[in-house]
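The values are calculated or read from the model by the stated rules, or taken from the named source; none is laboratory data. Just so we're clear, the structure is a prediction, and the values are computed from it rather than from any experiment. Every residue, glycine among them, receives a Cβ derived from its backbone with ideal geometry; neighbour counts consider all protein chains shown. These area figures cover heavy atoms from the full protein model, side chains too; ligands, DNA and RNA do not enter into them. Shrake-Rupley method; radii C 1.70, N 1.55, O 1.52, S 1.80 Å.
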Amino acid sequence: MSPYLMYSDGEGKIFEDTSLYSVGRSGWDAMPIPEEDWMELPEGGNLYELPGRRGIGLDVKTGEMRLCLKGWAVAAFIPPAHSGLYLAAFEALEDAPTLPLFCYVAAGWHNDKFYVPAIRIERDIRQEAKGYDDSKVQHGVEVLMKAYPHNRLVKHLAENCALTYDCPAAKNYFMGRWECPIPTSPACNANCMGCISFQPEEETIISPQDRLQFKPTAAEIVEFTVPHLETAPYPLVSFGQGCEGEPLLMWETIKESIIEIRKHTQKGSININTNGSKPAAVEQLMQAGLNSIRVSLNSAQEDIYTKYYRPNNYKFEDIVESLRVVRKHGGWASINYFVFPGMTDSVAEYEALRELIITTDLSMIQWRSFNIDPDWYLGNMGIGEIGDCLGVKQMMELIHEEFPNVKFGYFNPPIERMKNFETDFAH
Ligand code: SF4
């Protein structure tokens, strides 16, 4: 089974080219995709036209790689809980615009269906497209805005996150279930190239979300999170969201909130999604009652990390130390690992990831497709030849074989799964 390449007519219509099989991309290289790596495009996935780019395919007769000149290249956005194994293969024209901050996975057409080289990495169904009911979200917004009329954070989560950005985490909060987001920080101490909450004026791409414009108080945080922890199934609350800067810059307010929350309820878990830049602050939060941390990184190699994050006043070893501190206190430590085929599965990256797991006693890897224009990323990082690569799936298998206790997934686990990861999760 080799799906055919797809192209767009530039007017939003997509066609298959039956003279070309679809291929994938790893780093700068186009390559055939093994049959077993294809899966049907999961519900909630999307197809994108890539303006100013010609798709690369495998000629069905000659077996030669060549461009499809019938239209623009097409890529897939795969939904949460899935990891992409190959990027879309294309050649960009001189004046091709930089692509927005989404993931661009290879895609193909076979037997009247869309296919992608990807795997389901997470059993949890918290962000399953079919699980959302906008009328329930709307009702939740009305009820909770009335319940907390002066709470700026509930207003932000309602008007911006749930109803404007269509944020799955915020919508789950207004549906009274699972993970509740708590953005807190208008500022950040990193300057990530692909920041989703702030892009410099001179950049041609825009950030999908605007950064929070105020500093919430501990009272505002506690007011809506305690009832959520008390009533939601598999409840957890998470500091550090896509619509803010770095939460550790607000650690004093977060510490105060955790202490106050735990005065009212012992239910559920309290998590922080962070760049991990302040291990001393993490120590304070663990002592206050934090349960888990998720540190985001594009690479476990210091130079590649530093080139992308462009940190202010912190170093790679600080993020390693933050993970270690959480494990030292018996907490759950995850990495939010941006998967970029050709970079993530390089031999050098594999060795660095092994080292990070050993050094930190890591609990979990959340394998998330990197939402970034591949050419823009590699170009800005000054990446030329990458050297040998293992293949993303093979790398996952090697890591799992050597570190069977390191869990794989996509979402921060609730306390029930931290205790027993195989817990039956039929919500
Ligand atoms: S750490 Fe987060 S908020 Fe800060 S620059 Fe990076 S992506 Fe943006």
Give me the dipole magnitude in Debye, nearest 20, for the stretch 236-281 about the Cα centre, with unit charges on the beta carbon: positive for Lys and Arg, negative for Asp and Glu. 240 debye
Under 18 Å between alpha carbons, and skipping anything fewer than 8 positions from LYS315 in its own chain: which lysines qualify? LYS278, LYS307
GNM of the chain, Cα pairs under 10 angstrom: of ASN271, ASN191, ASN412, the biggest fluctuation goes to ASN191
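Once whole DSSP H runs in the chain are found, which of them have Cα atoms spread over 18 Å or more along the helix axis and a mean Kyte-Doolittle score of at least -0.5? Show your work: numbers first, answer last.
Working: long enough: 134-147 (19 Å, -0.19); 218-231 (20 Å, 0.46); 251-264 (20 Å, -0.74); 316-328 (19 Å, -0.04); 347-360 (20 Å, 0.48).
Going by DSSP H runs, the hits are 134-147, 218-231, 316-328, 347-360.
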Net dipole in debye of the chain [+1 Lys, Arg Cβ; -1 Asp, Glu Cβ; about Cα centre; nearest 20]: 1400 debye
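Based on the Cβ-Cβ distance of GLU256 and GLU230, what FRET efficiency does E = 1/(1 + (r/R0)^6) give at R0 = 30 Å, to the nearest 0.05? Can you show the working numbers first?
Working: r = 20 Å, r/R0 = 0.65.
Computed FRET efficiency for GLU256 and GLU230 comes out at 0.95.
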For the chain, share of DSSP beta bridges that run antiparallel, in % to the nearest 5: 60 percent
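Report, in debye and to the nearest 20, how large the dipole of the stretch 303-427 comes out about its Cα centre when Lys and Arg carry +1 and Asp and Glu carry -1 on their Cβ. Write out the running numbers ahead of the final one.
On the way: 12 positive and 19 negative charges, 112 e Å.
Charge dipole of the stretch 303-427: 540 debye, to the nearest 20.
Quick one, what does Rg over Rh come out to for the stretch 4-120 if you take C-alpha atoms and the Kirkwood Rh? Intermediate results must be reported in sequence, preceding the final value.
Numbers: Rg = 12.8 Å, Rh = 13.9 Å.
My calculation of the ratio gives 0.93.
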Can you work out the FRET efficiency for the pair LEU69 and ASP361, with r the C-beta to C-beta distance and R0 = 51 Å, to the nearest 0.05? 0.45
Where does the chain land at 222 nm, in deg cm²/dmol rounded to the nearest 500, when only DSSP H runs of n ≥ 4 count, each adding -39500 (n - 2.57), divided by all residues? -8500 deg cm²/dmol
Where Rh denotes the Kirkwood radius from the mean inverse Cα pair distance, what is Rg over Rh for the chain? 0.97
Along the charge dipole of the chain, pointing to its positive end and built from +1/-1 on Cβ of Lys, Arg, Asp and Glu, which listed residue (PHE224, ALA89, SER346) has its Cα farthest out? PHE224
For LYS113, project a label point 7 Å along Cα to C-beta. Then give me every residue of the stretch 32-65 with its amide nitrogen under 19 Å of that point. 33-47
With a 4.7 Å Cβ cut-off, tell me which Cys residues in the chain come up empty for a partner. CYS68, CYS103, CYS180, CYS188, CYS243, CYS389
Projecting the Cα atoms of LEU69, SER269, ILE205 onto the charge dipole of the chain, where Lys and Arg contribute +1 and Asp and Glu -1 at Cβ, the residue farthest towards the positive end is SER269
Top mean-square fluctuation among VAL226, VAL60, VAL74, Gaussian network model of the chain, C-alpha springs under 10 Å? VAL60
Output row, site GLU40, 7 Å Cα→C-beta label point, backbone N cut-off 16 Å, window the stretch 88-126, residues 108-120
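Using a 1.4 angstrom probe on heavy atoms only, work out the carbon and sulfur share of the accessible area of the chain in %. Don't jump to the answer; show the numbers that get you there.
Numbers: 9020 of 17840 Å².
Carbon with sulfur: 51 percent of the solvent-accessible area.
Counting residues in the stretch 284-427 as N, plug N into 2.2 N^0.38 Å and put the Cα Rg over that result.
Values: Rg = 15.7 Å, N = 144, 2.2 N^0.38 = 14.5 Å.
Scaled against compact globular proteins, the figure is 1.08.
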Taking 0.36 nm per residue of sequence separation and subtracting the Cα-Cα distance, how much length would be gained by fully extending the chain between GLN287 and LEU398, in nm to one decimal? 36.5 nm
Accessible-area value, SER292, 1.4 Å probe, nucleic acids and ligands omitted, Å²: 0 Å²
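Would you mind working out the accessible area per residue for the chain, using a 1.4 Å probe, and quoting it in Å²?
Details: 17840 Å² over 427 residues.
Averaged over the residues of the chain, the accessible area is 42 Å².
So for the chain, averaging the separation of alpha carbon pairs under 8 Å that are six or more residues apart and normalising by length, what relative contact order in percent results? Could the numbers behind the result be given before it?
On the way: 912 pairs, mean separation 61.0, N = 427.
Computed value for the chain: 14 percent relative contact order.
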Among LEU378, ALA147, CYS161, flag the residue with its Cα farthest along the positive direction of the charge dipole of the stretch 133-419, charges on Cβ as +1 for Lys/Arg and -1 for Asp/Glu. ALA147
Hey, how many Å between the Cα centroid of the stretch 282-325 and the Cα centroid of the stretch 228-261? 17 Å
